[in-house]
Structures are given as C-alpha cells and as structure tokens.
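The values are calculated or read from the model by the stated rules, or taken from the named source; none is laboratory data. Here the structure is a predicted model, which means the values were calculated and not measured. Heads up, the Cβs are rebuilt from the backbone with ideal geometry, glycines too, and the neighbour counts pull from every protein chain shown.
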C-alpha cells in the first residue's frame, strides 16, 4: 500500500510540474486576462484538495457566491485530489519553492499553517480582520492557531471533528453489538463479534487514513491531557502508556478490511452494509447524507450512525480548514476578494452544511446545522479540545511526514516496538 501511495504522489507531482513548465497555473487553460485579453475577467487561482463528494459541493457553493459578488473575476479551481491533502501539500510546496504560488491556498490551522508562516510564505491578514471585524466572530483559540507574534495569517472557514466513529446500525444489530462501543476494549470486542458474522469489522482507506485512525486510538487510550502533552517539548513518546495504546492500535488494525483507495470508498463500505465501523472525520457526514448527485443519499440513524471514537467521549479532536494570502500571488486583489467570501457568514453557511462541518464563525445560522451537525455544534462549545495529528493542528509538516513514514512501515511489519521508536525519533527531531 505504501508503494502505491508514494507512486501516486510522484505521478501527481510530475503532472503539475509539467503543466507549470507549459505556462499553466496548476491545471486547465490560461485565462484571457493572462494572455492579454484587455477587459477580460481576471482569474483567481484557488488551491485546495476538495474534489470529493460533499467537499466539492461546499466549494462550489462558495464559488457561486464569489462569482456573483465579483463579476470582474473568474474562479479557477486548482484542487488536487486526495483525501487529507497530502498530495496537494507536496505539490504546493514545489510551487512555493519555485516562487509561483497560487493566489490563495487551503491550509490547516495549527502547526501545519505555522510552518508556512515561519517560512515567510504568507502575508498577514490583520488589516482584513480589522476591516471585517473578524476578531469578534472567530473563537479566540482558533485565532491563536493561525497567528504568530500577534499577526494573523489565514481565514478559517470551518471546524471539523476527527474523532468520529461511523457505523452501520443493521450490521451491529446482526452481530449482537447493542450500541456504539465507548472504550477501546469494548471496541475490540465489537470488532470480534462482527468478524464472526463474516462482515468487514473496520474499513480503512489509503495510508493517511491509518494515521487518522492512530490519533483517535492514542486519544482514546491515553486520555485528553496525556494526549495533548505528547506535542509539548520533552514529551515521552516512549512511555509504557504509549506502548499500550500502540498495542491496541495494532489489534484494532488487525480487524481492518482491504485498504480502499481513499476515505470515500472506505466510508461507503459502512453505508452499504459491507462493513461495521469506520473512524473518519465528520466530512464523512456530507458524503453519507447529501443527495446522490453529491453524496450517497443515505438516511441517518438507519443507514449510518455516529458516536465519538472509542474512549474519546467529551473530547473534540479538532481541525480547521483555512485560506491564505501567499506572498507574490499573481492576483492579490482577487485573492482578498475570495478571502472575504470565505470569512463571511453567507459563505460559511453555504459551504459547511454541504461539507459536513460546522462554521468557524460564532454567529452562523444554527438552523442550518441539523442532525449530526447539531451534535457537533453543541460538542464544540462544551467538550475538551485536542488537536489532530494527521490534519495539521498538533504537528508540523516534517513531523507528520516522519509519523507517516513510521506508520507506513508498521502497516507492513506490524512491529509495535519499531513504530514506537519511529514516533520517538519523529518527536525528538521536530518538537519545538
């Protein structure tokens, strides 16, 4: 599976570099404005990894608002396919190093975004925040994650939850599992019952989804405070408690079905009754719930249901997507126009219900957030918080790359001691 993942990155990287060599902007055809079209619309290149059902629908909804309110601009979708954005981020790095940044790009709030900030790749957005009074509508803890030395560097469009256990109620009932498991031990017992019935106990996707699974198992085994402490200087990744968590991770992973190409086909196995469980972020809700032209059109509480991943009830393992203003962007004014839409109540209320996330703004129309999203709004305001590993809150890009490498090797070897050493080495090299 690791060789396939690396090959996909290499192929996508080559294709983007080839397009760049031909004068493109990451894909598509150059706009009339770029070729001297006089009064032609100016192109705004928006770089993201939102290509799948749900996420692409949310992006489209914001795009429509942007183009309606900015008739002199045309939106250029430079999205790169691939679940957690690993491929997109690798390609973005090549564009930044070549001084050919997109006009704006998606980045996770937290350590991932701060890597771009410290590298000097981004303009600060303090004047935009003052103009739009955004400090009044975004949570303080979120602004802290996108700031360095008092300067704010992105516009968050949502809040996602990583630690969600999605399950098929009918498959659980058939296996004699009365309810969603609340602890790691209960989860392993439920997986065994499903296996005995001949169904896939746990569905997984590509390599990043296994890292995503591991962060939930670490949180569920260690508890919130000990999990958060792992990302502070001097943290002990070699402790017996981490060893126990990784042994549980090994056991849980032994119940996984064949890896799917990405998170969507793995989630679909649950919705279709082929698998019992999938641990995935709440973007899966949009995919399950949205009508068939943009999702699976499934019925909640019947075709699929949800709970906090085992052992994590009361904790919101969070992440946030945001958009930036790169230094040297070709169309800076167009990028600022996009950021204003991304920051707006209208934009976030159009985007998030389709994406399967809740708004970053505190003043959003709560009537739009029903079913799973109503639960998420309530939990976000009351739960303890922990930062996602895979999705850039708790670790920077080099640290995540080292974690991913260790997990990739573990997928083949199942060697817990080697995995733990890899995680210790990753923290030693990258923790600040």
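Conditions tested, residue by residue: (1) out of contact with any helix residue (DSSP H, G or I) (no Cβ under 7 Å at 6 or more places or on another chain); (2) in the same structural domain as residue 49 (by TED's automatic domain parsing); (3) over 20 Å from residue 174 (Cα atoms).
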| site | (1), (2), (3) |
| --- | --- |
| 282 | no, no, yes |
| 286 | no, no, yes |
| 291 | yes, no, yes |
| 295 | no, no, yes |
| 298 | no, no, no |
| 306 | no, no, no |
| 311 | no, no, yes |
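Give segment 36-55 a look and list any residue that's farther than 29 Å from residue 262 by Cβ and at pLDDT 90 or above, or say none.
Across segment 36-55, the qualifying residue is only 42.
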Exercise. Does residue 337 count as under 29 Å from residue 269 (Cβ atoms) and either assigned to a helix (DSSP H, G or I) or within 16 Å of the chain's Cα centre (by Cα) (or both)?
Worked result: no
For this session: Name every residue in segment 283-316 that is surrounded by fewer than 19 Cβ atoms within 10 Å (Cβ to Cβ) and modelled with pLDDT under 95, in order of residue number.
Result: 291, 292, 293
Exercise. Quick one: in segment 252-273, which of the residues that are out of contact with any strand residue (DSSP E or B) (no Cβ under 6 Å at 6 or more places or on another chain) and over 18 Å from residue 55 (Cα atoms) is surrounded by the most Cβ atoms within 10 Å (Cβ to Cβ)?
Worked result: 252
Exercise. Could you list, in sequence order, the residues of segment 106-122 that are buried (at least 19 other Cβ atoms within 10 Å of the Cβ) and farther than 13 Å from residue 392 by Cβ?
Worked result: 121, 122
Problem set entry | Selection within segment 178-194 - over 23 Å from residue 419 (Cβ atoms) and surrounded by fewer than 22 Cβ atoms within 10 Å (Cβ to Cβ) | 178, 179, 180, 182, 186, 189, 193
For this session: Determine if segment 393-414 includes at least one residue that is in a loop (DSSP other than H, G, I, E, B), touching a helix residue (DSSP H, G or I) at 6+ places or on another chain (Cβ under 6 Å), at pLDDT 95 or above and not assigned by TED's automatic domain parsing to the domain that holds residue 264.
Result: no
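Test residue 351 against the stated conditions and say whether it is more than 23 Å from residue 111 (Cβ to Cβ) and either at pLDDT 95 or above or touching a helix residue (DSSP H, G or I) at 6+ places or on another chain (Cβ under 6 Å) (or both).
Details: more than 23 Å from residue 111 (Cβ to Cβ): yes; either at pLDDT 95 or above or touching a helix residue (DSSP H, G or I) at 6+ places or on another chain (Cβ under 6 Å) (or both): yes.
When the stated conditions are applied, residue 351 passes them.
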Problem set entry | Positions within segment 356-371 being surrounded by 24 or more Cβ atoms within 10 Å (Cβ to Cβ) and closer than 16 Å to residue 166 by Cα, in sequence order | 356, 357
Seminar exercise, completed: Checking 117, 184 in turn, the sole residue that is touching a helix residue (DSSP H, G or I) at 6+ places or on another chain (Cβ under 6 Å) and farther than 25 Å from residue 55 by Cα turns out to be 184
For this session: Among the numbered conditions (1) under 14 Å from residue 259 (Cβ atoms); (2) free of Cβ contacts under 8 Å to residues at least 60 places away in the same chain, tell me where residue 213 comes up short.
Result: (2)
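With 415, 333, 425, 349 as the choices, which residue is under 30 Å from residue 305 (Cβ atoms) and surrounded by fewer than 24 Cβ atoms within 10 Å (Cβ to Cβ)? Talk me through it step by step, then tell me what you get.
Details: 415 fails: under 30 Å from residue 305 (Cβ atoms); 333 fails: under 30 Å from residue 305 (Cβ atoms); 425 fails: under 30 Å from residue 305 (Cβ atoms).
Every option except 349 fails the conditions.
Could you grab me the full set of residues in segment 381-396 that are over 15 Å from residue 235 (Cβ atoms) and crowded, with 17+ Cβ neighbours inside 10 Å? Show your work before the answer.
Step one: filter segment 381-396 for residues over 15 Å from residue 235 (Cβ atoms), giving 381-385, 388, 390-393.
Those that are over 15 Å from residue 235 (Cβ atoms) and crowded, with 17+ Cβ neighbours inside 10 Å: 383, 388, 390, 391, 392, 393.
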